[in-house]
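Quick notes on the structure that follows.
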Amino acid sequence: MKSHAKASRRGFFAAIIQWGYRERGAAWVFVLPFVIGFLIFNIIPMAYSVYISFMDYNSFKALNSIKFIGFDNYVRLFHDPIALNAFVKSFIYTVFYVPGLILLSFLVATLLNRAFALRALTRTLILMPYVANVVAVSIVWSILLDPFGGPVNQLLTKLGMDPPLWLSGVKTALPTIAGINVWQSLAFQTIVFLAALQGVNKELYEAADIDGASRWRRLWSITLPVISPTTFFLVITSIIGSFQNYASVRMLTNGGPGTSSRVISLNIYEEAFTLNHYSYASAQAIILFAIVLVITIIQWKGQKRWVHY
C-alpha cells in the first residue's frame with residue numbers, strides 16, 4: 001500500500017516536471033524568432049560597429065588591410081567642428097521637440113477625453129499624420145511653407161505680418177522641422193495619454209469636487225500624479241526618438257541652410273555612405289548611443305522625485 005502511494009507521488013511529480021519542460025519549450029518557440037531577429041539585426045551590427053570604430057576603415061580598401069588605430073576616430077570627433085555642431089543641433093532639436101510633443105499631446109488627449117460631437121471621427125483623424133509616409137509629409141509641408149509662394153506665407157502677408165523663412169531660414173529651419181515632427185508624432189503620445197486619463201479613478205475627482213477643488217488643483221493634485229508613469233515613459237521614448245530624426249531632416253532641408261539643421265543622425269549617414277568614413281561614422285554613433293544612455297539613466301534615477309506608482 002505504501003509502495004503504491006510512493007509510486008503515485010513519483011508519477012505525479014514526474015508529470016509536473018514533464019509539463020514544465022513542455023511549457024518551457026512552447027515558450028521558447030514563441031520567443032525564439034524575436035531573439036534571433038534581435039540578435040541578427042541589433043546585437044551583431046552594434047558589436048560590429050563598436051569593433052570598426054577602433055579601426056581605420058575610413059575608405060574603400062581590402063578587409064585584410066584594415067588596421068587597429070585605437071581611439072583615433074574618437075579623438076578626431078572632438079576636433080571636428082561639423083560633428084560637434086551636429087551634436088549641438090540634435091540637442092537643440094530635442095529641446096524644441098520633446099516639450100512641444102508632450103505638452104501638445106497631453107492637451108489633445110485631455111480634449112479627446114471629453115464628450116463632444118464626432119469624437120470617434122476626431123480620434124480616427126488624429127491618426128492620419130502618424131501613419132502617413134514621411135516623404136509625402138515632407139513634400140506637402142515644403143509646399144505649404146515655401147517662403148516665396150507658399151500658402152502659409154501668402155496668408156501671413158495678407159494679414160499684414162512679416163512671414164518667416166521657415167525651412168529656408170538659418171534660425172528657423174530646425175524649430176520648423178521640430179514642429180512638423182511634433183505634428184506627425186502627435187497621435188501615438190495622444191493615444192497613450194488618453195488611455196492613462198481614462199484610467200484615472202473617477203472617485204478621486206468626485207472627492208475633489210466635494211472639497212471644492214478648482215480645475216487647476218484637480219489637474220495638479222490628481223491627474224498629473226496618477227498619469228506620471230505614462231508621462232515618464234513618453235518622455236524617455238520621445239527623447240530617444242528625437243536623436244533618430246534622420247528621415248525628416250534629410251527630406252525637408254538635407255541639413256541646410258548651410259549646417260543649420262545638420263543633426264548628428266544625418267551627419268553619421270553622410271560620413272558613412274557619402275564619404276565612406278565607416279569607422280569614423282561608427283565612432284560618432286557609439287558616442288550618440290552613450291549620450292542617450294546617460295540621459296536615460298539620469299531620467300531613471302530622477303523619476304523617484306515626480307513619478308508615482
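Annotations
- Condition met for I236 (in contact with a helix residue (DSSP H, G or I) (Cβ under 7 Å, 6 or more places away or on another chain), assigned to a helix (DSSP H, G or I), on the phi < 0 side of the Ramachandran plot and buried (at least 22 other Cβ atoms within 10 Å of the Cβ)): no
- Pair list, Cβ < 8 Å and 6+ apart or interchain, from region 122-139 residues that are closer than 18 Å to A178 by Cα and assigned by TED's automatic domain parsing to the domain that holds Q184 to residues that are of a type in the set (F, W, Y) and surrounded by 13 or more Cβ atoms within 10 Å (Cβ to Cβ): P129/W183; Y130/F188
- Taking (1) over 30 Å from T253 (Cα atoms); (2) surrounded by 10 or more Cβ atoms within 10 Å (Cβ to Cβ) in turn, L144 satisfies each apart from (1).
- Helices (runs of 4 or more DSSP H) wholly inside region 42-158 that include at least 3 residues being more than 20 Å from F193 (Cβ to Cβ) and aromatic (F, W, Y): 81-112
- Looking across region 217-233, the residues that are assigned to a helix (DSSP H, G or I) and either closer than 30 Å to T172 by Cβ or in contact (Cβ under 8 Å) with a residue 12 or more places away in the chain (or both) come down to R218, S221, I222, T223, P225, V226, S228, P229, T230, T231, F232, F233.
- The residues listed here are A207, A187, A195; of these, the one that is in the same structural domain as L103 (by TED's automatic domain parsing), surrounded by fewer than 17 Cβ atoms within 10 Å (Cβ to Cβ) and under 22 Å from the mean Cα position of the chain (by Cα) is A195.
The values are calculated or read from the model by the stated rules, or taken from the named source; none is laboratory data. Fair warning: this is a prediction, and the values are worked out from it, not measured in the lab. For neighbour counting, all protein chains shown are included, and Cβ atoms are generated from backbone atoms with ideal geometry for every residue, glycine included.
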